[in-house]
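Undergrad: A single structure is presented below for examination.
The values are calculated or read from the model by the stated rules, or taken from the named source; none is laboratory data. Just so you know, these numbers come straight off a predicted model, no measurement behind them. Neighbour counts are summed over all protein chains in view; Cβ atoms, including those assigned to glycine, are modelled from backbone coordinates with ideal geometry. Only protein heavy atoms, including side chains, enter the accessible area calculation; ligands, DNA and RNA are left aside. Shrake-Rupley method; radii C 1.70, N 1.55, O 1.52, S 1.80 Å.
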Amino acid sequence: RQSTVFTKKNETMPLTPLVYWAQRHEDIYLRVELTDAQNIDVNVNDNVLQFKAQGHGAKGQNEYEFSLEFLLPVKSEVSHKSTQRQVNITVQKEQRGWWKRLTLQERKPVFLAPDFDRWLDESDAEMEIREKEEKRNMLKASRHKEEGFVSLKTGFLFVYNLVQFLGFSWIFVNMTVRLFIFGQDSLYDTFHTISDVMFFCQILAAVEVLNAAFGVVQTGVIPTFIQVVGRNFILFIIFGSLGEMHNQPVVFFVFYLWSTIEIFRYPFYMLGCLNTEWKTLTWLRYTIWIPLYPLGVIAEAVAVIQSIPIFDETKLFSIPLPKAVGTSISFSYVLHIYLVLMFLGLFINFRHLYKQRKRRFCTKRKAN
């Protein structure tokens with residue numbers, strides 16, 4: 001008979017899991033040793049935390065529950081997270097402070113023990129707060145620095161693209177107006193009227209190679225280098241060093257094709273600095289180069305071919321050989337090699353620009 005009474009009493013008594021606790025100035029942490037916990041019910045009412053769940057605990061696979069009446073007021077909101085091995089519960093204190101014990105009753109419940117993995121003394125907890133605050137301040141400072149760098153980079157790129165846009169716009173408008181006013185005669189004095197601004201813009205374009213090399217902008221270094229060096233070779237070596245080339249109509253076509261491409265490219269980059277897009281401009285930036293870029297290379301090739309006899313005659317930039325040989329290598333040989341490299345560069349840049357265009361518009365179609 002006594003055995004039957006004991007069994008019934010044991011059946012009615014709820015099973016309690018092992019619970020470990022730790023605190024900080026603002027939070028209470030509870031770790032409930034319950035494996036594969038399910039149907040978890042955790043709430044705080046009238047400063048009492050009630051827990052109930054099914055899982056594998058000290059008494060095997062069963063339903064476990066417990067309640068804790070806290071020493072001081074806590075907030076009713078409670079958060080918990082279940083892992084395969086345990087249930088972690090976080091309760092916020094109503095007022096920031098350090099408690100001398102967890103429960104209102106002085107005698108600690110038998111299932112409750114300190115969580116030494118998270119246990120800190122009050123002074124250690126204060127130090128932890130200070131360390132967190134220092135890390136937070138350092139993170140804020142690094143973010144401010146990063147934001148400052150980004151804003152500085154954006155400002156620099158915007159100003160650079162604006163200056164280039166104004167320069168090439170002046171070239172394009174000036175050449176267009178002169179063509180309407182003077183007609184065919186304007187083809188022969190293009191270099192004298194336009195070259196100063198073109199020299200400025202093309203010298204400044206060397207910044208684009210540096211931007212690509214140092215990662216200021218995300219673009220290929222080699223295509224940028226080919227375009228900038230190729231243009232400057234035509235401008236400074238073919239046009240700038242030969243007075244006989246100054247009055248050639250090919251100068252007009254080279255300058256006009258260059259400026260036509262750039263008056264769409266640079267404002268596109270300007271709007272990009274402001275996180276803004278004008279769809280018509282985007283389409284022009286990624287499309288207009290298709291006819292104009294090959295035409296520009298053809299015009300540059302014509303200029304090189306026209307300059308070859310002049311270099312042969314003037315011996316300018318010729319490479320002297322020893323007196324025993326008694327002659328020199330004309331710079332025109334270099335130009336013949338350059339013509340081959342020019343069309344190789346056309347292929348490399350054309351493929352690069354086509355990939356950019358395909359990536360831009362294919363990405364937009366997928367997004368839509």
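Undergrad: Rounded to the nearest 5, what % of DSSP beta bridges with both residues in the chain are antiparallel? Spell out each step's value before the answer.
TA: Numbers: 38 of 42 bridges.
Expressed as a percentage, antiparallel bridges in the chain total about 90.
Undergrad: Multiply the residue separation of residue 181 and residue 217 by 0.36 nm, subtract the distance between their alpha-carbon atoms, and state the gained length in nm to one decimal.
TA: Numbers: separation 36, 0.36 × 36 = 12.96 nm, distance 4.05 nm.
Length gained, residue 181 through residue 217: 8.9 nm.
Undergrad: Given the Cα-Cα distance of residue 75 and residue 247 and 0.36 nm per residue of separation, how much length would full extension add, in nm?
TA: Numbers: separation 172, 0.36 × 172 = 61.92 nm, distance 8.65 nm.
So the chain would gain 53.3 nm between residue 75 and residue 247.
Undergrad: Just to confirm the number: angle between the C-alpha axis of helix 2-12 and the first principal axis of the chain, 0 to 90 degrees, nearest 10?
TA: 30
Undergrad: For 192, 25, what's the largest-to-smallest order of accessible area, 1.4 Å probe? The partial results should precede the final answer.
TA: Numbers: 192 115, 25 5 Å².
Greatest to least solvent exposure: 192, 25.
Undergrad: Which value, in Å² and to the nearest 10, is the accessible area of residue 241 when all protein chains are kept and the probe is 1.4 Å?
TA: Probe radius 1.4 Å; accessible area of residue 241 about 40 Å².
Undergrad: Further question on the same structure: Can you work out the accessible area per residue across the chain, with the rest of the protein chains kept in place, probe 1.4 Å, in square angstrom? Mind showing how you got there, number by number?
TA: Values: 22500 Å² over 368 residues.
On a per-residue basis, the chain sits at 61 Å².
Undergrad: With a 1.4 Å probe and all protein chains left in place, how much of the accessible area of region 170-273 comes from carbon and sulfur atoms, in whole percent? Mind dumping the intermediate values first?
TA: On the way: 3310 of 4660 Å².
So the carbon and sulfur contribution to the accessible surface is 71 percent.
Undergrad: Sort 153, 140 from largest to smallest accessible area, using a 1.4 Å probe on the heavy atoms of the protein chains. Write out the running numbers ahead of the final one.
TA: Details: 153 60, 140 110 Å².
The ranking, largest first, comes out as 140, 153.
Undergrad: Could you list log10 I(q)/I(0) for region 122-245 at q = 0.17 Å⁻¹, which the Debye formula gives when each Cα is one point scatterer?
TA: -0.98
Undergrad: Let me ask another. Can you work out ³J(HN,Hα) from phi for every residue in region 13-30, in order, using Karplus 6.51 cos²θ - 1.76 cosθ + 1.60 and θ = phi - 60°, giving whole Hz and x for Gly and Pro?
TA: Residue by residue, region 13-30 yields 6, x, 8, 10, x, 6, 10, 10, 9, 8, 9, 10, 4, 10, 9, 10, 10, 10 Hz.
Undergrad: Moving on to the next point. Sorting 128, 262, 77 by accessible area (1.4 Å probe), largest first, what list results? Please list the in-between numbers first.
TA: Numbers: 128 50, 262 5, 77 115 Å².
Result, largest first: 77, 128, 262.
Undergrad: For residue 159 and residue 229 in one chain, what is 0.36 nm times their gap in residues minus the Cα-Cα distance, to one decimal in nm? Mind dumping the intermediate values first?
TA: Details: separation 70, 0.36 × 70 = 25.20 nm, distance 2.23 nm.
Full extension of this stretch gives 23.0 nm more.
Undergrad: May I pose another question? Please list, ordered by chain and number, the residues whose modelled amide H lies under 5 Å from the amide H of residue 18; skip anything fewer than 5 residues away on the same chain.
TA: Excluding prolines and chain starts, which carry no amide H, the hits are 33, 58.
Undergrad: Pick the calculated semi-axes √(5λ) of the Cα gyration tensor in Å for this structure from [x] 82, 21, 21; [y] 40, 33, 21; [z] 30, 23, 21?
TA: Step by step, semi-axes √(5λ) of the Cα gyration tensor in Å for this structure corresponds to label [x].
Undergrad: To the nearest 10 degrees, how steeply does helix 122-182 sit against the main Cα axis of the chain, on a 0 to 90 scale?
TA: The angle comes out at about 20 degrees.
Undergrad: Continuing with the same structure: Nearest 10 degrees is fine. How inclined is helix 250-273 to the longest principal axis of the chain, computing both from alpha carbons?
TA: Here the helix axis deviates by roughly 10 degrees.
Undergrad: Could you give the nm distance between label points at residue 328 and residue 203, where each point is 7 Å from its Cα heading toward the beta carbon?
TA: 2.7
Undergrad: Now, a different point. Report in % the part of the accessible area of region 59-114 that belongs to carbon and sulfur, leaving out ligands and nucleic acids; probe 1.4 Å. Kindly include the intermediate steps, with their values, before the conclusion.
TA: Values: 1620 of 3720 Å².
Accessible surface attributable to carbon and sulfur in region 59-114 totals 44 percent.
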